[in-house]
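Note sheet for the following structure.
Computed from the coordinates by the stated procedures, all read-outs in this text should not be read as laboratory data. Note that the coordinates shown come from a computational prediction; the quantities given were computed from them, not determined experimentally. Positions of Cβ are backbone-derived with ideal geometry, glycine not excepted, and every protein chain shown enters the neighbour counts.
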Amino acid sequence: MRALKISLVALLVTALAQAVVVFFTGSVALLADTIHNFSDALTAVPLWIAFVLGRRAASRRYTYGYDRAEDLAGVFIVVMIALSAVVAGYESVRRLIDPQPISNVGVVIAAGLIGAAGNELVALYRIRVGRKIGSAALVADGLHARTDGFTSLAVVLGALGVLAGFPLADPLVGLGITVAILFVLKGAATEIYRRLMDAVEPELVDAAETSITATPGVLGIERLRLRWTGHRIRAEAAVFVDPAIGVVAGHAIAVDVHHRLLHDVPRLIDATVHVSPLDDGEQDHHAALAHHRASTPVAGITGT
């Protein structure tokens, strides 16, 4: 929430600074860019609403809570990035077909630099905080701010090209920026898609497996599942224990596994742990699997 508030204020200040330039120059092009920056700053609002919803307690209908609202906000942000690419590409092609002279080139450069700097600072901040807390939606919003910075930078590069005597520099640079936005779109869409499909980073699975197997009394892992809900992780684990122990001892092992997982896996807020007795066939299977893993580390590295 703090990241959203600070970055929203920063974007609004950037847009206001451009508005001041528009007031003194009367540039219609700069006015359009300023309105664009104001509207893009407000894309933080859906994510803000999602974070607020995520704080609500679970209900009988939404038994897992409302953390998924954050991923839905991420979808909206990805759509906005795609829209930015469409608009940038359309304007670039239109200016190639029907070139328009650029007036007040120095003012255009100044306004473009303001927009590029403000958006990039916000992008760096949102991406850093988003990765720190595990929020794919906040990272996507940071990438969205970066695409807006690219657009402002295109204005600067195009104006410099005009000053150098190359009028078509403006639309050509715009096409180049459109391609850059498409690469940003690919990264943001991939991240949001993975979250919606319950993908997790393999190192988180490794950390959970290490934590479980190090728990006294655990003889093997029957099943392990992790999923992101917003910027939090939930786990489901089934472990094998000695069939000779009682229910109380098995419950104690499950509690120990639960405690260790919460301590060892970053961003994990809850884990459901089931214990099963390990029979002879399962014991032989796990021994063979452990032997196979220990005997083939080099093949895994070389990719065979």
FRET efficiency, A57 to L196 (Cβ-Cβ, R0 30 Å, nearest 0.05): 0.80
Checked against the positive end of the charge dipole of region 155-218 (+1 on Cβ of Lys and Arg, -1 on Cβ of Asp and Glu, about the Cα centre), the farthest of I177, A199, G187 is I177
Highest first, please rank the peptides 139-151, 4-16 by the mean number of other Cβ atoms sitting within 10 Å of their residues. 139-151, 4-16
Calculate, in nm to one decimal, what V248 and I269 gain on full extension: separation in residues at 0.36 nm each, minus their alpha carbon distance. 5.1 nm
Report the relative contact order of region 74-147, percent, no decimals, based on alpha-carbon pairs under 8 angstrom and at least 6 residues apart. 43
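Grab the eigenvalues of the alpha-carbon gyration tensor for region 113-204, scale each by 5, take roots, and send me the semi-axes largest first in whole angstrom.
Values: eigenvalues 207, 41, 10 Å².
Calculated on Cα positions only, the semi-axes equal 32, 14, 7 Å.
Taking the Cα centre of region 60-143 as origin, sum charge times position over the Cβ atoms of Lys and Arg (+1) and Asp and Glu (-1), and report the length of that vector in debye to the nearest 20.
Details: 9 positive and 7 negative charges, 68 e Å.
Magnitude of the dipole: close to 320 debye.
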Report the relative contact order of region 37-188, percent, no decimals, based on alpha-carbon pairs under 8 angstrom and at least 6 residues apart. 28
How many nm separate the modelled label positions at L224 and Y90, each set 7 Å beyond the Cα in the direction of the Cβ? 4.9
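Can you give me the Rg/Rh ratio for region 164-239, using Cα atoms for both radii and the Kirkwood formula for Rh?
Numbers: Rg = 22.3 Å, Rh = 16.1 Å.
Answer for region 164-239: 1.38.
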